[in-house]
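The values are calculated or read from the model by the stated rules, or taken from the named source; none is laboratory data. Being a predicted model, the structure only gives us computed values, none of them experimental. Here the Cβ is made from the backbone with ideal geometry for all residues, glycine too, and neighbour counts use every protein chain on show. Note: areas computed on protein heavy atoms with side chains; ligands, DNA, RNA excluded. Shrake-Rupley method; radii C 1.70, N 1.55, O 1.52, S 1.80 Å.
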Amino acid sequence: RLVYQHFKKLEELPEPMARKHHTDAHLKLIAALGRHKIPTKSEWPIFGDMTLEAIADILVGTHLVVEVDGPVHHLKYRRGVKDERRDAKLKEMGYTVLRFSNDSIKRDLDGVVKEILDAYDRLQVLR
């Protein structure tokens, strides 16, 4: 675990925390969300109790984490187990977590964006 330090830029995060290359699906999703003028941050560190808990692929607003999973992401059993634990920890911290595969974003970008916007709107009502 990484103990909290003040990082001014994503590039200051130690490897492998700072991803430098995004998938096409990730970039298309960020662009589509940007057209809806909702606040998004890509590769955003989330800290809990002074410890880095996760790097959100996309943070929408303040408490909606969107994860974009690559084509081989869940082929490895351990990766899926780690994701489940991480998602549970984020939910415990008050975040809502949505996961989408690259393929689902490529096939139905509008549907994915709608699901994210609906979740974002629900969170705005609750906060």
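Of (1) crowded, with 16+ Cβ neighbours inside 10 Å; (2) at pLDDT 55 or above, Lys41 satisfies all except one. Which?
(1)
Can you work out which of the residues in the stretch 47-77 that are surrounded by fewer than 18 Cβ atoms within 10 Å (Cβ to Cβ) and in a strand (DSSP E or B) is modelled with the highest pLDDT?
Here the answer is Phe47.
Note down all Cβ pairs under 8 Å where the first residue falls in the stretch 38-51 and is within 11 Å of Thr62 (Cβ to Cβ), the second is among the acidic types (Asp, Glu) and modelled with pLDDT under 90, and they're at least six residues apart or on different chains.
The qualifying pairs are Ile46/Glu53.
For the stretch 96-114, give me the residue count where each residue is touching a strand residue (DSSP E or B) at 6+ places or on another chain (Cβ under 7 Å) and either open to solvent by 40 Å² or more (accessible area, probe 1.4 Å) or acidic (Asp, Glu) (or both).
Residues that pass the stated criteria total 3.
Among the residues of the stretch 87-127, write down those that are under 21 Å from Thr23 (Cα atoms), basic (Lys, Arg) and free of Cβ contacts under 8 Å to residues at least 60 places away in the same chain.
Once the filter is applied, which keeps residues that are under 21 Å from Thr23 (Cα atoms), basic (Lys, Arg) and free of Cβ contacts under 8 Å to residues at least 60 places away in the same chain, the stretch 87-127 yields Arg99, Arg107, Lys114.
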